[in-house]
Ligand code: PEP
Ligand code: MG
């Protein structure tokens with residue numbers, strides 16, 4: 001049946017494809033006494049054989065797409081599946097207890113998992129416990145006749161439907177086949193939305209119910225420009241969206257022409273348009289979209305993509321790759337910002353009631369100095385390969401900045417004592433994403449080299465509205481006069497001390513916000529690479545004197561977000 005739903009438009013573009021549900025299946029079952037033991041033994045055999053074929057397929061795909069290290073995990077799974085001790089014990093349990101295959105499988109697997117997990121000082125056995133858990137899940141699913149989704153094996157064009165996507169889900173998505181995704185939860189600035197923009201695939205988040213509304217294989221249209229989702233659409237809607245997709249492609253081709261141009265306003269003022277990245281792989285998009293710098297390298301993805309802490313050398317290689325890849329253009333590297341919606345299993349963070357207000361980012365770094373120093377050593381070693389700027393996230397107090405800077409200086413001394421060369425020209429700045437730091441920007445500006453305004457967090461903290469919670473997303477108001485007033489104060493404070501102010505929150509690429517930010521004198525705009533060319537195209541039409549007037553009016557005369565929007569729309573519509 002045709003349905004029309006809406007969500008939050010998280011990544012531009014239009015996609016038409018079949019739904020692929022990336023959802024954990026229900027594996028509940030009842031323990032039963034059976035009359036026909038042989039039947040259970042046969043069912044077990046069949047489920048094992050089917051699992052064998054599935055795991056081999058996933059292994060082959062992982063080997064071809066990801067590499068031998070990633071494929072190794074599935075080799076280990078095959079070993080578990082073919083372990084005679086495990087299989088015989090399940091068979092013996094079925095026969096001895098006259099029980100169904102599901103119950104026998106679970107009983108034996110739980111016994112092995114418990115045994116291996118209790119060997120807490122043996123990481124090898126702990127990993128085997130994780131392997132048994134994964135394999136058991138697959139065999140159980142095959143016994144119950146349900147599917148375990150595996151995005152790595154997708155071989156046709158699909159739109160992923162999920163509750164939310166983890167960074168590792170997103171990393172596995174093959175852009176050749178995955179044309180877009182839709183989630184139940186999240187907002188424009190949740191990490192899955194940010195990843196969609198860096199992959200340049202359309203996405204809609206925060207629909208609330210998409211996993212209930214869509215079946216596997218339903219035909220879907222998603223419009224990442226305005227948040228519309230059509231399930232099993234009519235021929236008319238399909239035709240309409242084919243046309244919309246063509247128009248969008250044409251529009252993109254127009255923007256493409258600006259790829260090698262500088263970002264200059266109508267009256268000849270230059271603004272730096274930079275890109276946000278999560279991994280060195282994102283440099284491709286940075287160059288393809290003509291970015292003038294990297295304004296935010298979110299290093300936490302390096303930690304999140306790994307099963308354990310990345311070593312100093314692994315980090316060094318990643319930072320060097322980005323600095324070299326930018327050929328002398330500035331790269332702002334943010335020290336890791338774990339916490340909030342970005343989890344790191346091996347750090348074993350305690351469960352928190354309010355993770356966005358808790359143990360996060362610089363708070364962890366200042367507490368776990370070993371980890372912080374390793375990152376800073378890697379960064380300073382890489383500094384000679386390009387134009388490095390180091391940025392600390394989630395700074396609330398000057399004391400935090402001073403402590404972080406002191407650690408940075410001590411690491412530098414250590415390296416110099418080891419005769420390791422470090423660049424003499426590294427700017428050190430902070431993210432302004434906590435209202436306390438924004439209000440006190442005039443004091444911070446005396447000590448830092450630059451500010452980068454993190455509006456994703458600054459808005460959630462100023463409005464007290466969780467950026468992940470779609471029920472309060474109406475409070476996510478970049479153009480609220482309160483936010484604009486804070487931004488103005490941050491920019492003016494930086495300029496008063498001869499420093500520069502940038503913005504790396506999503507607002508920097510928001511087409512209604514850009515005229516205001518130009519008017520407020522923001523120096524650097526850093527955004528998803530996919531937003532750069534349309535922003536350059538817009539800026540070419542703006543006159544800075546007019547925008548200054550517009551921004552002053554918005555900050556001084558407007559009292560609601562609607563008034564600001566009306567004011568900006570009037571200007572933008574007449575460009
Ligand atoms: C921000 O808060 O605006 C920001 C850029 O950081 P993140 O989205 O990674 O929290
Ligand atoms: Mg932030």
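Being touching a strand residue (DSSP E or B) at 6+ places or on another chain (Cβ under 9 Å) and either part of a strand (DSSP E or B) or surrounded by fewer than 22 Cβ atoms within 10 Å (Cβ to Cβ) (or both) holds for only one residue in 489, 495, and it is 495.
Please state which one of 50, 137, 95, 106 is assigned to a helix (DSSP H, G or I) and surrounded by fewer than 15 Cβ atoms within 10 Å (Cβ to Cβ). Even if it seems obvious, please write down each step before you answer.
Values: 50 fails: surrounded by fewer than 15 Cβ atoms within 10 Å (Cβ to Cβ); 137 fails: surrounded by fewer than 15 Cβ atoms within 10 Å (Cβ to Cβ); 106 fails: surrounded by fewer than 15 Cβ atoms within 10 Å (Cβ to Cβ).
The conditions single out 95.
Screening 429, 454, 386 for residues that are more than 22 Å from the chain's Cα centre (by Cα), within 16 Å of ligand 1 (Cβ to nearest atom) and either surrounded by fewer than 15 Cβ atoms within 10 Å (Cβ to Cβ) or modelled with pLDDT of 95 or more (or both) leaves exactly one candidate, 429.
Table: residues versus (1) away from ligand 2 (no atom under 16 Å from the Cβ); (2) within 17 Å of residue 272 (Cβ to Cβ); (3) in contact (Cβ under 8 Å) with a residue 40 or more places away in the chain; (4) surrounded by fewer than 24 Cβ atoms within 10 Å (Cβ to Cβ).
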site	(1), (2), (3), (4)
500	yes, yes, yes, yes
514	yes, yes, no, no
518	yes, yes, yes, yes
529	yes, yes, yes, no
532	yes, yes, yes, no
557	yes, no, no, yes
566	yes, no, no, yes
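Take residue 323 and tell me if it is closer than 27 Å to residue 464 by Cα and either surrounded by 14 or more Cβ atoms within 10 Å (Cβ to Cβ) or in contact with a strand residue (DSSP E or B) (Cβ under 8 Å, 6 or more places away or on another chain) (or both). Walk me through it before giving the result.
Numbers: closer than 27 Å to residue 464 by Cα: no; either surrounded by 14 or more Cβ atoms within 10 Å (Cβ to Cβ) or in contact with a strand residue (DSSP E or B) (Cβ under 8 Å, 6 or more places away or on another chain) (or both): yes.
Spelling it out, it is not the case that residue 323 is closer than 27 Å to residue 464 by Cα and either surrounded by 14 or more Cβ atoms within 10 Å (Cβ to Cβ) or in contact with a strand residue (DSSP E or B) (Cβ under 8 Å, 6 or more places away or on another chain) (or both).
Out of all the residues in segment 396-415, is one or more free of Cβ contacts under 8 Å to residues at least 60 places away in the same chain, within 25 Å of residue 327 (Cα to Cα), in contact with a strand residue (DSSP E or B) (Cβ under 7 Å, 6 or more places away or on another chain) and not in a helix (DSSP H, G or I)? No, there is no match, as no residue in segment 396-415 is free of Cβ contacts under 8 Å to residues at least 60 places away in the same chain, within 25 Å of residue 327 (Cα to Cα), in contact with a strand residue (DSSP E or B) (Cβ under 7 Å, 6 or more places away or on another chain) and not in a helix (DSSP H, G or I). Condition test on residue 303, is it within 16 Å of ligand 1 (Cβ to nearest atom) and either assigned to a loop (DSSP other than H, G, I, E, B) or surrounded by fewer than 19 Cβ atoms within 10 Å (Cβ to Cβ) (or both)? Spelling it out, it is not the case that residue 303 is within 16 Å of ligand 1 (Cβ to nearest atom) and either assigned to a loop (DSSP other than H, G, I, E, B) or surrounded by fewer than 19 Cβ atoms within 10 Å (Cβ to Cβ) (or both).
Of the candidates 339, 328, 290, 285, the single residue that is at positive phi, touching a helix residue (DSSP H, G or I) at 6+ places or on another chain (Cβ under 7 Å) and either modelled with pLDDT of 95 or more or more than 15 Å from ligand 2 (Cβ to nearest atom) (or both) is 290.
Test of understanding: among 304, 326, which residue is farther than 24 Å from residue 345 by Cβ and touching a residue at least 60 places away in the same chain (Cβ under 8 Å)? Please lay out each step first, then the result.
On the way: 304 fails: farther than 24 Å from residue 345 by Cβ.
Of 304, 326, the one residue that is farther than 24 Å from residue 345 by Cβ and touching a residue at least 60 places away in the same chain (Cβ under 8 Å) is 326.
Among the residues of segment 342-376, those that are more than 16 Å from ligand 2 (Cβ to nearest atom), at pLDDT below 95 and assigned to a helix (DSSP H, G or I) comprise 345, 346, 347. Residue 483 satisfies every condition listed in (1) within 16 Å of ligand 2 (Cβ to nearest atom); (2) in contact (Cβ under 8 Å) with a residue 40 or more places away in the chain; (3) assigned to a helix (DSSP H, G or I) except (2).
Could you say which residue among 477, 443, 460, 471 is more than 16 Å from ligand 1 (Cβ to nearest atom) and either buried (at least 19 other Cβ atoms within 10 Å of the Cβ) or over 16 Å from residue 396 (Cα atoms) (or both)? Lay out the reasoning, then the answer.
Values: 477 fails: more than 16 Å from ligand 1 (Cβ to nearest atom); 443 fails: either buried (at least 19 other Cβ atoms within 10 Å of the Cβ) or over 16 Å from residue 396 (Cα atoms) (or both); 460 fails: more than 16 Å from ligand 1 (Cβ to nearest atom).
Unique residue meeting the criteria: 471.
The values are calculated or read from the model by the stated rules, or taken from the named source; none is laboratory data. As the structure is a prediction and not an experimental result, all values here were calculated from the model. Counting neighbours? That spans all protein chains shown, and the Cβs are built from the backbone with ideal geometry, glycine included.
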